[in-house]
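Worksheet: the structure to be examined is printed underneath.
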Amino acid sequence: MSVPVLKNSAARRIFLDRHALAEPPQGAAAGEPLLALIKRLGFVQLDSINTVARAHDLILFARRPRYRPVNLKRLYEQDEALFEHWTHDAAVIPIEYYPHWQMRRDADGERLRKQWQNWRRDGFEDQFETVLDHIRKVGPCGSSDVGKDEKRGSGGWWDWHPSKTALEYLWRSGALHVVGREGFQKRYDLTERALPPDVWGDNATPDVQETIDWCCNGALDRLGFATHSEIAAFWAHVSPAQARHWCRENLRDGTIEEIQVEAADGTLRPAYARPELPEAAVPDCTGRLRVLSPFDPALRDRKRALRLFGFDYRIEVFVPAAKRVYGYYVFPLLQGDRIVGRVDMKAFRDHDTLRIRALWPEPRTRWGKGRQAAFEAELERITKLAGVSKIAFEDGWLRGSAEHKFG
């Protein structure tokens, strides 16, 4: 029996549709509609860099331009509809998924204790009871509220004092719960006080196999098609071996099938999909141009972005300035089912200006008057999120096509 082949154009559109990027960016962006969007995505990655807007805000704004940061804060801290933990990175996640993080909390408890003991975090375990007693008596606190007399090393922002390390460990392993942030500093409370027993108690905790099934099903449904490694990486707490076994079992049961997915360069790559996917109607993609976060869920897997879109991207935040090909924090530009460029821009709020430093169209992308008008319309929308009212283009901002490739 022949293996179905999913053409590249169809694969791109299906993938974007699963990430809420095929339909026009519109609709309500607060309360239940915002929560529904986050459930559709699975989670939203958090990041502190704010050259234009923080990653989580731009991810949601790209799909719902009526979104404002206060909407997420309200959903998280007042409605308590979200919780914060780790997937591949720090993220906010629908609270109903909390029980499936017990497997991750158990794994983190074992792994981080060993790792941080060897990470110059001398004495952090000795602070567990002190930190817990402080929170019991005083209530939710941040890292600046504990360990005030403790010394940090010289390792920069990542060189925590022992009590800060204790807070993070107790949160990652489940004794503490993040109830919100002030600025970008986490506020921790006792899990037993912050959450009802039907969310965190023993009776709410699924067994390991149930969580593996939940993770793999949820990952494949949100990706549309994927290898076992991509399924494992989606939530980042199922191992590749567990995902491979899940795929074999579901392949035998007929709930998934093997397909071939055409890459942007015409090559074929095997993947798993639901049996109905190859025959399903392929969604249309809006022609609206929009700015994406470098951490957008549609692009965070750089290898998949290269295969599907021919988009070769890495973030250069940690690359020395002299060695950067593009810039410190460069934003991909999506139009239709293609990545059409990348832009280096920054909001200078003290000057009330969004400054466009450089834009590189992707190869074989014509930057004509129509695309420029679409870009400027998107910039006008972005200013509302960035908190500025003016746009300025630096001299020579429109560069040649993006021709550099990364190894």
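The values are calculated or read from the model by the stated rules, or taken from the named source; none is laboratory data. Just so we're clear, the structure is a prediction, and the values are computed from it rather than from any experiment. Virtual Cβ from ideal backbone geometry, glycine too; neighbours counted across all protein chains shown. Each accessible area value is taken on the protein alone, full model and side chains, heavy atoms only, with ligands, DNA and RNA left out. Shrake-Rupley method; radii C 1.70, N 1.55, O 1.52, S 1.80 Å.
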Could you give me the ³J(HN,Hα) list for the range 336-344, computed from phi with Karplus coefficients 6.51, -1.76, 1.60 and θ = phi - 60°, whole Hz, x at Gly and Pro?
-> x, 10, 10, 8, 9, x, 9, 10, 9
Accessible surface, 1.4 Å probe, highest first, among residues 134, 161, 351, 85 = 351, 134, 161, 85
In square angstrom, rounded to the nearest 10, how much accessible surface does residue 323 have for a 1.4 Å probe?
-> 150
Computed FRET value (nearest 0.05) for residue 23 with residue 122, which takes r as the C-beta separation and R₀ as 51 Å | 0.45
Among 118, 217, 50, which one shows the biggest mean-square fluctuation in a GNM of the chain, springs joining Cα atoms closer than 10 Å?
-> 118
Among 23, 80, what's the order by accessible area (1.4 angstrom probe), most exposed first?
-> 80, 23
Largest fluctuation, 237, 19, 88 only, Gaussian network model of the chain with Cα springs under 10 angstrom, belongs to 88
In the structure shown, do any of 346/390; 137/164; 323/390; 39/73 have a Cα-Cα gap over 23 Å, and if so which?
-> 323/390
For residue 366 and residue 390, what is the calculated FRET efficiency with R₀ set at 22 Å and r taken between the beta-carbons, to the nearest 0.05?
-> 0.20
Each label sits 7 Å from Cα toward the beta-carbon; between residue 79 and residue 265 the label points are separated, in nm, by 4.4
Tell me, what is the percent relative contact order of the chain, built from C-alpha pairs under 8 Å that lie six or more residues apart?
-> 17
What value, in deg cm²/dmol to 500, does the helix sum -39500 (n - 2.57) over DSSP H runs of n ≥ 4 give at 222 nm once divided by the residues of the chain?
-> -11000 deg cm²/dmol
Amide H proximity to residue 345 below 5 Å, modelled H, separation 5+ or other chain, gives 331, 357
Taking only protein heavy atoms and a 1.4 Å probe, what accessible area per residue, in Å², does the chain have with all protein chains in place?
-> 46
May I ask which residue of 100, 45, 67 lies farthest towards the positive end of the charge dipole of the range 18-134, with charges of +1 (Lys, Arg) and -1 (Asp, Glu) on Cβ and the Cα centre as origin?
-> 67
Could you give the nm distance between label points at residue 192 and residue 325, where each point is 7 Å from its Cα heading toward the beta carbon?
-> 5.3
How large is the charge dipole for the range 244-345, taken about the Cα centre, if only the Cβ atoms of Lys, Arg (+1) and Asp, Glu (-1) carry charge, to the nearest 20 debye?
-> 560
Quick shape check on the range 216-369: root eigenvalues a ≥ b ≥ c of the Cα gyration tensor, a/c under 1.5 is rounded, otherwise prolate if a/b tops b/c, else oblate, and it reads prolate
For residue 241 and residue 129, what does the FRET efficiency come to when R0 = 41 Å and r is the distance between their Cβ atoms, rounded to the nearest 0.05?
-> 0.65
Dipole check, the chain, charges on Cβ (K,R +1; D,E -1), about Cα centroid: among 299, 36, 87 the Cα furthest to the positive pole belongs to 299
Candidates (i) 24, 55, 21, 0; (ii) 29, 59, 11, 0; (iii) 22, 34, 27, 15, 1; which is the computed P(r) over Cα pairs in 20 Å bins from 0, in percent?
-> (i)
